Amino acid sequence: MRGAACFMSYKRVQNGSDVRGVALGKQEAVTLTPKMVRNIAKAFTLRLQRGGKGNKASNVSVGIGRDSRVTGEELCEEAMKGIVDAGPGCKAYDLGLATTPAMFMSTITPGFEYSGSIMLTASHLPYDRNGMKFFTPEGGLGKADIAEILEMAEGIDGSVDEASGGGGHKSAASFMPTYAGFLRDQIVSGVGAGEMPLKGLKIVVDAGNGAGGFFARDVLEPLGADIAGSQFLEPDGMFPNHVPNPENEEAMRSIQEAVASTGADLGVIFDTDVDRSAIVDSKGVAFNKNRLIAAMAAISLRDKPGATVVTDSVTSDALTAFIESRGGKHLRFKRGYKNVIEKGKQIENCPLMIETSGHGAMAENHYLDDGAYMAVKMIIEAARRNGDLAGLVEGFEEPLEATEMRVKYSESAPDGYGTLVVEGFQKFCEGDSAPEGWASADSNFEGWRVSVLNGEGWVLIRQSLHDPLIVINAESNMEGGVEQTMAIVTEFLKDYEFLTL
């Protein structure tokens, strides 16, 4: 590959602040090859050497971890080759099966303090996908950083001598036990009931055959928790039991059934790389999406009264009311966990930044979206409350009805077509022909959100972050309200010829 074609092959694997692609070509053509991973890892290391984000030393150390995907070991080996090829002062450390949050922590934890780290993961995507996330001690790299690294990798790919034999050093390292110890310490200090604070609590963990099995064995059990009945703790990159995704209904049913069948006090479920989580209480109530945000907001506002909670754009009106009832402020921002976190960093008193996907970051934990840390906060509450989490979100109400519709538009649509649709919807809602009882939201950072049914519901139209899609979310507290709202929206969308309704 050379020139523009080469760069396009690298550019196409950028997914916002991550790299993602097809790594196993059984059903689709491979878009993320071992060679590309090697060159991308080398580019990241060279960037660290040259004083890129967070580093000014010529000698750098890079830790690399992976989730349970079947391509993980091969791609890890290739990434390590790229790291050591960057120069004789470059050291690559294979941390083996790890979590995404742990990879960041490896850059700031005494005894490790790597110059940077790479996590090989594609989150909850199918087994044939894989990807890369990058960290320095300052945090995760952003969209512009990834674009720069991919451009550098393209240059490496097009060079005469791609593998120069830089003479760096590679070895294995064990970080996950240290990270597990950090989480245990949080529980011990948070509960304040001695060295076995979880004794008497039965907690089942569903790791979805990803990287989260350590949480049951190395965090909960040593603190006295009964983890019998935990499931899918063993890593299996084919993900044979359910999609490892706390937003997925089948996955949530799986952990709810495990809680019910074992009589557990609590259930915890993670996504593949453990940067997201959800909780199920003893009654089978799921704490994910809006309810999880409400619970975490209650915890945060107890310690930081009057603070702001930043969320993505599709949270419910009931969540806003709940946050305000607890003395907080709710800033509904944009989709994309990086967007949510970066916005929270800009606000003086913002302890919590959290998306309905389950990505939740706290200022007290380095603004890191860590599913295990969030689970720890919920487990501390459960231990303090004798397993009862219902009181934590007393007064919060789920909507009676909710839906999401994703509408594709054709490749022949003009540039900016999604924006055109959103702007058209705004004009429709604010014009003379606006439906009765509809009113634009006070603030719209993404798409256009409207209060409908005289405040008994809402609808939001937005452009997808990464795909040629218009996404419509709607909620209602009236029976049949969502159907009524979506009928109006669908009729409006019929005027846009490039949409596939």
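Scanning the range 367-378 for residues that are farther than 19 Å from Asp265 by Cβ and either in a helix (DSSP H, G or I) or touching a Gly at 6+ places or on another chain (Cβ under 7 Å) (or both) gives Tyr367, Asp369, Gly371, Tyr373. Against the test of being under 30 Å from Ala216 (Cβ atoms), acidic (Asp, Glu) and touching a residue at least 40 places away in the same chain (Cβ under 8 Å), the options Asp312, Asp317 yield a single qualifying residue, Asp312.
Can you pull out every residue in the range 260-284 that is within 19 Å of the chain's Cα centre (by Cα) and either outside the structural domain of Ile227 (by TED's automatic domain parsing) or among the acidic types (Asp, Glu) (or both)? Across the range 260-284, the qualifying residues are Asp271, Asp273, Asp275. Right, Asp145: surrounded by 17 or more Cβ atoms within 10 Å (Cβ to Cβ), outside any loop (DSSP other than H, G, I, E, B) and either out of contact with any Ser or Thr (no Cβ under 6 Å at 6 or more places or on another chain) or in contact (Cβ under 8 Å) with a residue 12 or more places away in the chain (or both) or not? Yes, satisfied. Only residues that are assigned to a loop (DSSP other than H, G, I, E, B) and closer than 18 Å to Val482 by Cβ were counted across the range 434-450, and they come to 6. Does Ser464 satisfy being under 23 Å from the mean Cα position of the chain (by Cα) and in contact (Cβ under 8 Å) with a residue 40 or more places away in the chain? So Ser464 fits the description; yes.
With respect to (1) in a helix (DSSP H, G or I); (2) assigned by TED's automatic domain parsing to the domain that holds Ile227, the lone exception for Asp388 is condition (1).
Annotation note: of Glu423, Glu411, the sole residue that is in contact with a Pro (Cβ under 9 Å, 6 or more places away or on another chain) and either surrounded by fewer than 16 Cβ atoms within 10 Å (Cβ to Cβ) or hydrophobic (A, V, I, L, M, F, W, C) (or both) is Glu411. Going residue by residue through the range 47-66, is there one that turns out to be in a strand (DSSP E or B), assigned by TED's automatic domain parsing to the domain that holds Met152 and surrounded by fewer than 18 Cβ atoms within 10 Å (Cβ to Cβ)? For the range 47-66, residues in a strand (DSSP E or B), assigned by TED's automatic domain parsing to the domain that holds Met152 and surrounded by fewer than 18 Cβ atoms within 10 Å (Cβ to Cβ): absent.
Within the bounds of the range 91-101, is there any residue that is hydrophobic (A, V, I, L, M, F, W, C), in contact (Cβ under 8 Å) with a residue 60 or more places away in the chain and under 16 Å from Gln49 (Cβ atoms)? There is at least one residue in the range 91-101 that is hydrophobic (A, V, I, L, M, F, W, C), in contact (Cβ under 8 Å) with a residue 60 or more places away in the chain and under 16 Å from Gln49 (Cβ atoms). Looking for something part of a loop (DSSP other than H, G, I, E, B) and at positive phi - is there at least one such residue anywhere in the range 418-433? Within the range 418-433, none of the residues are part of a loop (DSSP other than H, G, I, E, B) and at positive phi. For Val274, the requirement of being at pLDDT 95 or above, buried (at least 19 other Cβ atoms within 10 Å of the Cβ) and at positive phi is met.
Among the residues of the range 328-355, which ones are over 14 Å from the mean Cα position of the chain (by Cα), over 22 Å from Ala278 (Cβ atoms) and charged (D, E, K, R)? If the condition is that a residue be over 14 Å from the mean Cα position of the chain (by Cα), over 22 Å from Ala278 (Cβ atoms) and charged (D, E, K, R), then Lys329, Lys343, Lys345, Glu348 are the ones that fit.
To keep it simple, each residue is scored yes or no on (1) over 29 Å from the mean Cα position of the chain (by Cα); (2) closer than 14 Å to Thr315 by Cα; (3) without any contact (Cβ under 8 Å) to a residue 60 or more places away in the chain.
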site: Glu423; (1), (2), (3): no, no, yes
site: Phe428; (1), (2), (3): yes, no, no
site: Ser433; (1), (2), (3): yes, no, yes
site: Ala439; (1), (2), (3): yes, no, yes
site: Glu446; (1), (2), (3): no, yes, no
site: Leu453; (1), (2), (3): yes, no, yes
site: Asn473; (1), (2), (3): no, yes, no
site: Asn477; (1), (2), (3): no, no, no
site: Phe492; (1), (2), (3): yes, no, no
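Restricting Ala98, Ala5, Ala92, Ala79 to those that are at pLDDT 95 or above, within 15 Å of Asp157 (Cα to Cα) and small (Gly, Ala, Ser) reduces the list to Ala79.
Look at Ser300 and say whether it is over 20 Å from Val459 (Cα atoms) and either polar (S, T, N, Q) or in contact with a helix residue (DSSP H, G or I) (Cβ under 6 Å, 6 or more places away or on another chain) (or both). When the stated conditions are applied, Ser300 passes them.
For the criterion of being over 19 Å from the mean Cα position of the chain (by Cα), under 30 Å from Gln27 (Cα atoms) and at pLDDT below 95, Asp157 passes. Select from the range 194-243 the residues that are in a loop (DSSP other than H, G, I, E, B), of a type in the set (A, V, I, L, M, F, W, C), in contact (Cβ under 8 Å) with a residue 40 or more places away in the chain and in contact with a Gly (Cβ under 9 Å, 6 or more places away or on another chain) and list them in ascending order. Within the range 194-243, Leu198, Leu201, Ala207, Ala211, Phe239, Val243 qualify.
Would you say Leu150 is in contact with a Pro (Cβ under 9 Å, 6 or more places away or on another chain), surrounded by 17 or more Cβ atoms within 10 Å (Cβ to Cβ) and part of a helix (DSSP H, G or I)? No.
When the range 70-114 is filtered for residues that are over 24 Å from Gly213 (Cα atoms), of a type in the set (A, V, I, L, M, F, W, C) and in contact with a helix residue (DSSP H, G or I) (Cβ under 8 Å, 6 or more places away or on another chain), the ones remaining, listed by number, are Ala79, Met80, Ile83, Ala86, Cys90, Ala92. Scanning the range 312-343 for residues that are more than 23 Å from Phe396 (Cα to Cα) and touching a helix residue (DSSP H, G or I) at 6+ places or on another chain (Cβ under 8 Å) yields one hit, Lys338. Identification of strands (runs of 3 or more DSSP E) wholly contained in the range 79-138 with 2 or more residues that are over 15 Å from the mean Cα position of the chain (by Cα) and within 16 Å of Asp369 (Cβ to Cβ) yields no element.
The values are calculated or read from the model by the stated rules, or taken from the named source; none is laboratory data. Predicted model only: the values in this text are computed from it and were never measured. Heads up, the Cβs are rebuilt from the backbone with ideal geometry, glycines too, and the neighbour counts pull from every protein chain shown.
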